[in-house]
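The values are calculated or read from the model by the stated rules, or taken from the named source; none is laboratory data. Remember, predicted model here, so these are calculated numbers, not experimental data. Ideal geometry is used to build each Cβ from the backbone, glycine not excepted, and the neighbour counts take in all protein chains shown.
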Amino acid sequence: MILQAITLKSYPVELSLTAWICLLGTVEGTVVALVAEKGNPSAWALNWDMKLLAAVYSGIFCSGLAYYIQGIVMKDRGPVFVTAFSPLCMVIVAVMSSIILAEQMFLGRILGAIVIVAGLYLVVWGKSKDYESSSPPAEEQTIPVKQTTVA
């Protein structure tokens with residue numbers, strides 16, 4: 001996130017940066033998959049099934065759209081604001097797994113989710129205070145008025 005924030009300062013086109021991030025991630029993932037599936041060409045077969053739909057959905061929404069939105073928010077609020085929401089994904093996964101997959105919720109999982117959400121909101125609250133203090137108060141913001149003289 002820090003490198004993305006630095007890159008966005010010198011390269012302010014979020015969508016293009018998102019395309020580069022996804023392309024490089026695809027290249028890295030391909031190299032890892034080639035090493036992991038060495039000697040198994042059937043692993044590379046594409047079929048019209050749920051595996052293909054899941055890969056396309058994950059690539060478009062989970063990676064592409066997420067990186068684009070992160071870039072926009074990071075440009076406006078900074079990398080701390082974006083990284084503060086990353087732990088929230090674990091909480092969402094825990095809740096969805098108990099609803100969809102009927103996994104049991106244990107006390108440790110619930111307490112962990114509460115600590116994560118509390119920490120998240122404390123960071124966002126502190127960052128919003130920092131954001132407010134960096135902008136000048138309303139009474140100091142003046143609009144320059146062009147003065148003219150009548151001859």
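Numbers at a glance
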read-out	value
Cross-chain or 6+ apart pairs with Cβ under 8 Å, region 3-22 first and surrounded by 11 or more Cβ atoms within 10 Å (Cβ to Cβ), then of a type in the set (Phe, Trp, Tyr)	Glu14/Tyr68; Leu15/Tyr68; Leu17/Tyr11; Leu17/Tyr67; Thr18/Tyr67; Thr18/Tyr68; Ile21/Tyr67; Cys22/Tyr67
Flag for Ala102 being in the same structural domain as Ser128 (by TED's automatic domain parsing) and in a helix (DSSP H, G or I)	no
Pair list, Cβ under 7 Å, 6 or more apart: region 23-47 residue in the same structural domain as Ser58 (by TED's automatic domain parsing) and loosely packed, with under 10 Cβ neighbours inside 10 Å, other residue among the polar types (S, T, N, Q) and at pLDDT 85 or above	none
Test: residue in region 99-119 that is under 30 Å from Leu3 (Cα atoms) and in contact with a Pro (Cβ under 6 Å, 6 or more places away or on another chain)	yes
Some residue of region 34-45 being under 17 Å from the mean Cα position of the chain (by Cα) and of a type outside the set (Phe, Trp, Tyr)	no
Wholly enclosed helices (runs of 4 or more DSSP H) of region 1-92 bearing at least 1 residues at pLDDT 85 or above	14-36, 50-57
Ala118 being under 20 Å from the mean Cα position of the chain (by Cα), surrounded by 11 or more Cβ atoms within 10 Å (Cβ to Cβ) and not assigned by TED's automatic domain parsing to the domain that holds Val13	no
In region 75-88, the residues that are without any contact (Cβ under 8 Å) to a residue 60 or more places away in the chain and surrounded by 11 or more Cβ atoms within 10 Å (Cβ to Cβ)	Arg77, Val80, Phe81, Ala84, Phe85, Ser86, Pro87, Leu88
Residue that is within 30 Å of Gly29 (Cα to Cα) and not polar (S, T, N, Q), where the choices are Leu122, Leu107, Leu111, Leu53	Leu53
